[in-house]
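The next block holds one structure in the form of structure tokens; read it before the comments.
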Amino acid sequence: MKPSITIGKSELRIDAKDKVTGKAVYPSDIYLDNMVYGYTIRSTMPHAEIKVDKIEALAYPGVIAVFTAEDVTGENHHGVLFKDHEVFCSKKVRRVGEPIAFVVADTMDTARKAAKLVKVAYNELPAVLDPREAMKENSPKVHGDSNIIYHYKLRTGDIEEAFQKCEVVVENTYESSMVDHAFLQPEAGVAYIEEDGTVTIVTATQYPHYDREEVAEALGLPHNKIKILTSAVGGAFGGREDITVQIHLALAALKLGRPVKTTYTREESFQAHSKRHPLYMKYKTGALKDGTLYAMEAEIIGDSGAHASWAINVLRKAGVHAAGPYCIPNIKIDSYAVYTNNPFTGAMRGFGAAQVPMAHEQQIDEIARRLNINPIEIRLKNCFKVGSLTATGQTLEESVPLTDTIIKAAKEIGYEFSYDSNEEVQP
Amino acid sequence: MNEQIRFNLNGKDMEIQADPSMRLIDLLRDELRLTGTKEGCGEGECGACTVIIDGITANSCLVLISQIRDKKVTTIEALEQEALKKGDELHPIQQAFIDAGAVQCGFCTPGMVLSAKALLDHNSSPDENEIKRSISGNLCRCTGYKKIEKAIQIASDYMKKDGVE
Ligand code: FES
Ligand code: FES
């Protein structure tokens with residue numbers, strides 16, 4: 001075989017030199033002539049009807065415009081799966097931090113000061129802040145007439161009968177927390193109009209092609225009139241998959257015919273982008289006397305907050321991975337994505353697969369304790385090997401190096417056990 | 001109320017008329033367009049805005065320009081100048097960051113490099129703990145720090161070799 005020219009060779013990353021010298025251009029590093037600055041006014045209530053009065057702010061010296069829902073030239077919406085974000089809230093706010101207006105002024109400082117003069121009158125509505133409550137018939141509704149965005153079901157074997165046969169059955173509830181990506185570079189961007197009328201937006205994004213569609217639709221312009229330039233991206237981890245600055249900047253540049261820039265503070269950044277889904281995980285796991293995992297039932301409820309973002313994909317993945325890397329012949333898994341009036345959640349490293357291990361692994365520890373089996377040996381006994389059939393019906397035919405990994409890790413931490421790593425382990 | 005402020009920036013004497021309550025980071029970025037200094041939090045938590053003032057690292061988001069009177073301020077842009085003077089493309093610390101794979105999104109990198117410089121300028125052979133302490137004010141959300149520590153170790157070797165030649 002010819003040696004690979006790529007594998008095994010370290011390539012210099014093409015942007016490394018610009019990054020170590022400070023020359024890499026992130027969106028906030030762009031300064032253009034005649035540029036003005038925008039600041040976003042956001043809701044302070046989780047659920048309320050609103051009325052916006054911008055007259056006083058418009059009179060503030062240095063203020064050039066205050067854009068609200070009525071100024072949106074196309075569809076006042078965006079969203080990766082469902083168009084359930086408004087560019088600017090029109091009648092209602094559904095979470096704290098939802099954009100209501102964009103104040104444009106000759107300096108960032110002026111824009112911030114004038115923002116305090118935009119009067120938002122709130123008529124508070126009952127909010128639902130727990131997804132388990134939000135699933136109930138009589139709960140306040142965030143969008144439409146049900147808060148349940150998605151229900152994923154996985155069934156294998158006969159779960160009722162299987163639990164009857166188990167020596168131990170462990171039942172527990174686990175909760176994971178809401179987490180921010182906290183990428184180091186807060187959102188920023190610049191938009192300007194090119195000579196031929198193209199609206200160009202320079203920003204740090206994970207999805208320039210999606211952004212283009214969303215901006216075009218919100219502005220009511222054809223795709224070929226929108227250009228997204230991806231600058232250097234100061235970390236993302238899934239948190240730059242939804243729209244933040246793009247449409248506000250594009251709209252302001254289009255209306256004003258001038259370059260418009262915005263740079264979020266860290267606090268605004270926290271309010272503007274998605275979070276990791278907190279999951280409420282109810283688990284019931286059963287094993288036979290010899291430590292064979294035999295049945296598992298899980299109900300997983302994911303808090304999507306006020307917008308769906310990638311909720312379907314995330315909760316599907318949580319459901320698919322809910323049993324962990326173990327052969328369990330009888331499975332019943334239900335996962336749900338649910339709207340609440342909390343900050344919205346979306347993509348974040350692992351996409352739903354990162355939360356479930358704390359549940360399925362602690363279940364196994366508890367079973368091992370009750371059966372008086374070494375927790376590593378019970379994992380070796382049940383984990384996926386070549387030839388294993390997963391709960392979703394896939395036969396693992398290629399390499400499955402989990403056994404070796406567990407053994408190596410166990411040895412590293414000084415565990416003593418009777419498994420021999422050279423022994424061929426049969427599924 | 002502008003005042004006259006004199007200081008040295010990257011080896012050059014400067015005299016500016018400015019509001020003494022302006023933040024140093026705003027002077028560097030918005031006025032002087034030295035955008036290698038980054039703002040990650042604006043409140044002294046992240047270290048992306050690190051500069052060196054009279055040999056000691058400082059968060060330029062927490063420094064008012066009245067505090068830099070008659071002081072020497074070093075930003076990331078100085079390192080290239082230093083390298084060019086020696087006929088090199090990059091400063092050994094910058095080279096080490098590339099060689100160790102310590103750069104990902106790069107937003108923390110200028111601050112990290114300057115923290116490393118402040119350390120290595122005083123201590124050419126730091127041990128692991130000294131390296132860790134030197135970057136304890138700099139957050140990196142991408143790399144997990146290990147490669148950055150390695151980079152500083154390598155940089156110390158490069159700089160010692162440089163000194164011998
Ligand atoms: S921006 Fe100064 S410490 Fe974060
Ligand atoms: S490389 Fe991204 S924060 Fe350090």
Every residue from region B:90-141 that is more than 14 Å from ligand 2 (Cβ to nearest atom) and β-branched (Val, Ile, Thr) = B:Ile93, B:Ile131
Can you tell me which residues in region A:168-226 are of a type outside the set (A, V, I, L, M, F, W, C) and part of a helix (DSSP H, G or I)?
-> A:Pro208, A:His209, A:Tyr210, A:Asp211, A:Arg212, A:Glu213, A:Glu214, A:Glu217, A:His223, A:Asn224, A:Lys225
For A:Tyr37, the lone unmet condition from (1) closer than 28 Å to A:Tyr339 by Cα; (2) within 14 Å of chain B (Cβ to nearest Cβ) is (1)
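Scan the helices (runs of 4 or more DSSP H) fully inside region B:82-165 and keep the ones with 3 or more residues being surrounded by 20 or more Cβ atoms within 10 Å (Cβ to Cβ).
Correct list: B:92-99, B:109-122, B:146-164.
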Taking region A:86-138 and keeping residues in contact with a helix residue (DSSP H, G or I) (Cβ under 6 Å, 6 or more places away or on another chain) and of a type in the set (A, V, I, L, M, F, W, C) leaves A:Val87, A:Phe88, A:Phe102, A:Val103, A:Val104, A:Ala105, A:Ala114, A:Leu117, A:Val118, A:Val128
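Taking the criterion of being assigned by TED's automatic domain parsing to the domain that holds B:Lys150, modelled with pLDDT of 95 or more and more than 30 Å from A:His181 (Cβ to Cβ), would at least one residue in region B:29-41 satisfy it? So that I can check it myself, show each step before the final result.
Pass one, region B:29-41, residues assigned by TED's automatic domain parsing to the domain that holds B:Lys150: none.
No, the conditions are met nowhere in region B:29-41.
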Selection within region B:1-51 - farther than 21 Å from A:Tyr264 by Cβ and part of a loop (DSSP other than H, G, I, E, B) | B:Met1, B:Asn2, B:Asn10, B:Gly11, B:Asp19, B:Pro20, B:Ser21, B:Leu32, B:Leu34
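Can you find a residue in region A:147-160 that is within 26 Å of the chain's Cα centre (by Cα), in the same structural domain as A:Met358 (by TED's automatic domain parsing), away from ligand 1 (no atom under 16 Å from the Cβ) and part of a loop (DSSP other than H, G, I, E, B)? Walk me through it before giving the result.
Keep residues of region A:147-160 that are within 26 Å of the chain's Cα centre (by Cα), which gives A:147-154.
Now restrict to residues that are in the same structural domain as A:Met358 (by TED's automatic domain parsing): A:147-154.
Those left that are additionally away from ligand 1 (no atom under 16 Å from the Cβ): A:147-154.
Then drop every residue that is not part of a loop (DSSP other than H, G, I, E, B), which leaves A:147.
There is at least one residue in region A:147-160 that is within 26 Å of the chain's Cα centre (by Cα), in the same structural domain as A:Met358 (by TED's automatic domain parsing), away from ligand 1 (no atom under 16 Å from the Cβ) and part of a loop (DSSP other than H, G, I, E, B).
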Turns out the strands (runs of 3 or more DSSP E) fully within region A:1-75 with at least 2 residues that are closer than 24 Å to B:Asp26 by Cβ are A:36-42, A:63-67
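Of everything in region B:85-110, what is within 16 Å of ligand 1 (Cβ to nearest atom) and either aromatic (Phe, Trp, Tyr) or without any contact (Cβ under 8 Å) to a residue 60 or more places away in the chain (or both)? Give them in sequence order. Explain how you work it out, then say what you get.
Going residue by residue through region B:85-110, those that are within 16 Å of ligand 1 (Cβ to nearest atom) are B:105-110.
Scanning region B:85-110 gives B:Cys105, B:Gly106, B:Phe107, B:Thr109.
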A:Val179 versus (1) closer than 27 Å to A:Leu229 by Cβ; (2) away from ligand 1 (no atom under 16 Å from the Cβ); (3) within 14 Å of another protein chain (Cβ to nearest Cβ): which is the lone unmet condition?
-> (1)
With the condition kept exactly as written, say whether any residue in region B:127-146 is out of contact with any Leu (no Cβ under 8 Å at 6 or more places or on another chain), at pLDDT below 95 and either within 16 Å of ligand 1 (Cβ to nearest atom) or away from every other protein chain (no Cβ under 13 Å) (or both).
-> no
Scanning for something farther than 27 Å from A:Glu160 by Cα and either at pLDDT 95 or above or in contact with a strand residue (DSSP E or B) (Cβ under 6 Å, 6 or more places away or on another chain) (or both), does region A:384-393 turn up at least one residue?
-> yes
Right, A:Val20: surrounded by 16 or more Cβ atoms within 10 Å (Cβ to Cβ), at pLDDT 95 or above and away from every other protein chain (no Cβ under 14 Å) or not?
-> no
What number of residues within region B:40-52 satisfy the criterion of being under 16 Å from B:Leu28 (Cα atoms), more than 13 Å from the chain's Cα centre (by Cα) and more than 13 Å from ligand 2 (Cβ to nearest atom)?
-> 1
Mind checking which residues of region B:45-94 are more than 12 Å from chain A (Cβ to nearest Cβ) and closer than 21 Å to B:Lys147 by Cβ?
-> B:Thr57
Six or more apart or on different chains, Cβ under 6 Å: which pairs go from a residue in region A:388-402 that's under 16 Å from A:Val320 (Cα atoms) to one that's exposed (fewer than 14 other Cβ atoms within 10 Å of the Cβ)? Could you list them?
-> A:Ser388/A:Pro427; A:Leu389/A:Thr395
Does region A:88-96 contain at least one residue that is in contact (Cβ under 8 Å) with a residue 40 or more places away in the chain, of a type outside the set (Ser, Thr, Tyr) and in contact with a Lys or Arg (Cβ under 8 Å, 6 or more places away or on another chain)?
-> yes
Selection from region B:10-44 of residues that are more than 27 Å from A:Val233 (Cβ to Cβ), within 14 Å of another protein chain (Cβ to nearest Cβ) and among the hydrophobic types (A, V, I, L, M, F, W, C) = B:Met22
What is the one condition in (1) surrounded by fewer than 20 Cβ atoms within 10 Å (Cβ to Cβ); (2) within 16 Å of ligand 1 (Cβ to nearest atom); (3) under 12 Å from the mean Cα position of the chain (by Cα) that B:Gly55 does not satisfy?
-> (2)
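Quick grid of which residues meet (1) of a type outside the set (A, V, I, L, M, F, W, C); (2) surrounded by fewer than 22 Cβ atoms within 10 Å (Cβ to Cβ); (3) within 14 Å of chain B (Cβ to nearest Cβ); (4) on the phi < 0 side of the Ramachandran plot:
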{"position": "A:Gln206", "(1), (2), (3), (4)": "yes, yes, yes, yes"}
{"position": "A:His209", "(1), (2), (3), (4)": "yes, yes, no, yes"}
{"position": "A:Ala218", "(1), (2), (3), (4)": "no, no, no, yes"}
{"position": "A:Ile228", "(1), (2), (3), (4)": "no, no, no, yes"}
{"position": "A:Ile243", "(1), (2), (3), (4)": "no, no, no, yes"}
{"position": "A:Ala253", "(1), (2), (3), (4)": "no, no, no, yes"}
{"position": "A:Thr262", "(1), (2), (3), (4)": "yes, no, yes, yes"}
{"position": "A:Glu267", "(1), (2), (3), (4)": "yes, yes, yes, yes"}
{"position": "A:Ala272", "(1), (2), (3), (4)": "no, yes, no, yes"}
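The values are calculated or read from the model by the stated rules, or taken from the named source; none is laboratory data. Bear in mind that the values here come from a model prediction, so they are computed numbers and not experimental data. We place every Cβ from the backbone using ideal geometry, glycine too, and count neighbours over all the protein chains shown.
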